[in-house]
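First up is the structure itself, then whatever we jot down about it.
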Amino acid sequence: MVKRRFFNVVRRALRYGDAGVGLDDIEELGLPSMVHVPVWGGQPGFGDLKVGGEVATGQLLHGSDGGYVLSPVTGVICSVVERTGYLGRRYVRVSIEVSGEDRFDGGLVEAVGGSDFDFLRRHLVSVPGKGDFSLLVGFDPVVNVVVVHGMDEDIGVVTRRLMVQSDGLLEGISYLKQVVRAGRFVLVVCEGISGVSGVDRVEVKPVYPNGLPEVLMRRVPGLSGGGVGFVGPEAVLFFSRLSEGVIDFGKVVMVSGGGMASRLVKVRVGTAVGDILSSLGVVVGDGDRVILGGPMRGRAVSDLEEPVMWDTDAVLVQSGSEVIRAEDGQCINCGECIRVCPVRVPVNMLVRVLASGLYEEAAERYDLDSCIGCGLCDYVCVVRIPILQYIMLGRQEVMRLAEGTNG
Ligand code: SF4
Ligand code: SF4
């Protein structure tokens, strides 16, 4: 298997944009009437996931085969449906009718009040700004370095660059240190943004894909080994509020496109993107595309009930006329994708074998595992081959083949 480590010079410098919004512009949207939360690995009708069951905010819900999720609201489970998601991954969507006022999980409240960090480590499987928080506090592999990732992972998205400038970062890091027990914290910020005392600061130029974790891990000294975990600044701010006894499952999301200036909204995790857009007066028409994330790495939603999750930073609406349709064209070997690839993947060859379904060959001979998913090849492809989609599917298939699973 080939895994390249050296970076190419990206000839077309794409700068992270400025969306014209600031921290003072955050609009708090009220609680929705319904939230939806995916449970990966669960089965409908088993575990705690029963229709009619009452749930408290912050309650840990278990699926039948190891899937679990925190309820972001207080309410009643009104549906538990097995679904097929992105790249064919199966999950259970739990929909909760929101009761109104939060009634917080008793164990969580007690643990917060008594600074029971062992309980918090076991219970907080997700927090705003870190969808897989449990990986950070699990013991295999041990996370020694926590990177507070204040750079956005897509051009045009500003959520992290703004949230990392919020008050409470220092307090949040102090509290998080007790939960995570990592020896070192590193704060990654865009150039011009200051750090916090006592935490290593790494400054990144606002040129894409500098903000991607894969790039940082290869370029920043001390991050290249194992045991490194990334959290968004909102995860730190969550712990800052937790240190004051406040449990806040709100997530700040930048919403752009749809004929409006960019907006920053704070919504409860699990809120459907359709509810957010209608609150903002955005009408999604036939042929329009709604994307979770940004233009380079974002993923189009399959329906407007798809929720904002713990680490959703942006929702982008592309009108039908703006959508650049991918085509199933033949590669003309122009070489643009190879020249732009920051890790020198032979993209023209890779996309050929992936299109033929030769996933293992793609990994063994054509650097599938070196790809950092930046999407630059996709962006420059002159015949509009959906290269990144091929790559993501290829990785998923290689994983399935390795695990011997179908979903
Ligand atoms: S997405 Fe394309 S350009 Fe980016 S690392 Fe992967 S192969 Fe290279
Ligand atoms: S940019 Fe597109 S057409 Fe050109 S070599 Fe790469 S895959 Fe082929």
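For the range 184-333, just say rounded, prolate or oblate: build the C-alpha gyration tensor, square-root its eigenvalues into a ≥ b ≥ c, call rounded for a/c under 1.5, and beyond that prolate if a/b exceeds b/c, oblate if not. It comes out oblate by the Cα gyration axes. Rounded if a/c is under 1.5, else prolate if a/b beats b/c, else oblate: with a ≥ b ≥ c from the C-alpha gyration tensor eigenvalues square-rooted, which is the range 61-140? Because a/c hits 1.5 or more and a/b fails to exceed b/c, the range 61-140 counts as oblate. Note on Glu101 and Ser319: the extension gain reaches 74.9 nm, defined as 0.36 nm multiplied by sequence separation minus the Cα-Cα distance.
Applying a DSSP loop filter and a limit of 15 other Cβ atoms within 10 Å to the GluC sites (Glu not before Pro) in the range 141-227 leaves Glu191. Taking a ≥ b ≥ c as the square roots of the eigenvalues of the Cα gyration tensor, the range 220-280 is classed as oblate, since a/c reaches at least 1.5 and a/b does not exceed b/c. Fully extending the segment from Ile332 to Asp118 would add 71.4 nm, taking 0.36 nm per residue of separation and subtracting the current Cα-Cα distance. When only the Cβ of Lys, Arg, Asp and Glu is charged (+1, +1, -1, -1), the dipole of the range 102-214 relative to its Cα centre reaches about 200 debye.
Ordering of 109-116, 336-343 by packing is 336-343, 109-116, highest average first (other Cβ atoms within 10 Å, averaged per residue).
About the centre of its Cα atoms, the chain shows a dipole size close to 1460 debye [charges on the beta carbon of Lys, Arg (+1) and Asp, Glu (-1) only; nearest 20 debye]. Helices that extend 20 Å or more along their long axis by alpha-carbon positions and average at least -0.5 on the Kyte-Doolittle scale are, among the DSSP H runs of the chain, 387-403.
Unpaired cysteine residues in the chain (no second Cys Cβ under 4.7 Å): Cys78, Cys190, Cys331, Cys334, Cys341, Cys371, Cys374, Cys381. With the helix formula -39500 (n - 2.57) applied to DSSP H stretches of n ≥ 4, the chain reaches a computed 222 nm mean residue ellipticity of -7000 deg cm²/dmol. Charge dipole of the range 145-296 (Cα centre as origin; +1 on each Lys and Arg Cβ, -1 on each Asp and Glu Cβ, all else neutral): 320 debye, rounded to the nearest 20. Look at Met254, Met309 and count the other Cβ atoms within 10 Å of each Cβ; fewest to most, that gives Met309, Met254.
A short reminder: the numbers here are calculations on the coordinates, not readings from a lab. Quick caveat, the model's predicted, so the values are computed rather than measured. Neighbour counts run over all protein chains shown; Cβ positions are idealised from the backbone, glycine included.
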